[in-house]
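First comes the structure, then the notes that go with it.
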Amino acid sequence: MTTLAVRHSVSDFDTWKTAFDGHVSVHSGHGATSHRVLRDGNNVLGLVEFPDAASAQSFLTDPSLAEVMRSAGVQGAPDVSLLTEVEQVRY
């Protein structure tokens, strides 16, 4: 399992969330299986689960991604990481 972690600031969370939700079909089209969104005001962390790093990389290079981020009000360059799950324990 690979988690795509994208952290950025947005000009308006509700505008960003509407754009994010409208782009979910593209996520799943690249193999994404789930996502989580965490926020602190207008600072957002999106965690999108992919079966492998190649699927996540494919999503990152999708031509629609830059346009959606621009229209969603993302400010500055996002901080993007690909993380490999080592362990998950639920309490």
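Each reported figure results from applying straightforward, stated rules to the coordinates on display, with no laboratory input. The structure presented is a predicted model; accordingly, all values stated were derived computationally and were not measured. Here the Cβ positions follow ideal geometry from the backbone for every residue, glycine too, while neighbour counts run over all protein chains shown.
Run the dipole for the chain about the Cα centre, Lys and Arg Cβ at +1, Asp and Glu Cβ at -1, nothing else charged, and hand back the magnitude in debye, nearest 20.
Charge dipole, the chain, about its Cα centre: 120 debye, nearest 20.
Kindly provide the Kirkwood hydrodynamic radius of the range 1-86 in Å, to one decimal, from all pairs of distinct alpha carbon atoms.
About 12.8 Å for the range 1-86.
For the range 17-34, just list the computed ³J(HN,Hα) in residue order, Karplus coefficients 6.51, -1.76 and 1.60, θ = phi - 60°, integers in Hz, with x standing in for Gly and Pro.
3J(HN,Hα) across the range 17-34, in whole Hz: 5, 4, 5, 4, 4, x, 9, 4, 5, 6, 3, 5, x, 9, x, 4, 10, 5.
Which whole-Hz couplings ³J(HN,Hα) result when phi for each residue of the range 84-91 is put into the Karplus expression 6.51 cos²θ - 1.76 cosθ + 1.60, θ = phi - 60°, listed in order with x for Gly and Pro?
After applying 6.51 cos²θ - 1.76 cosθ + 1.60, I find 9, 5, 9, 7, 9, 10, 9, 10 Hz.
Counting every Cα pair in the range 44-91, what percent are over 17 Å apart?
Summing the P(r) of the range 44-91 above 17 Å gives 46 percent of all pairs.
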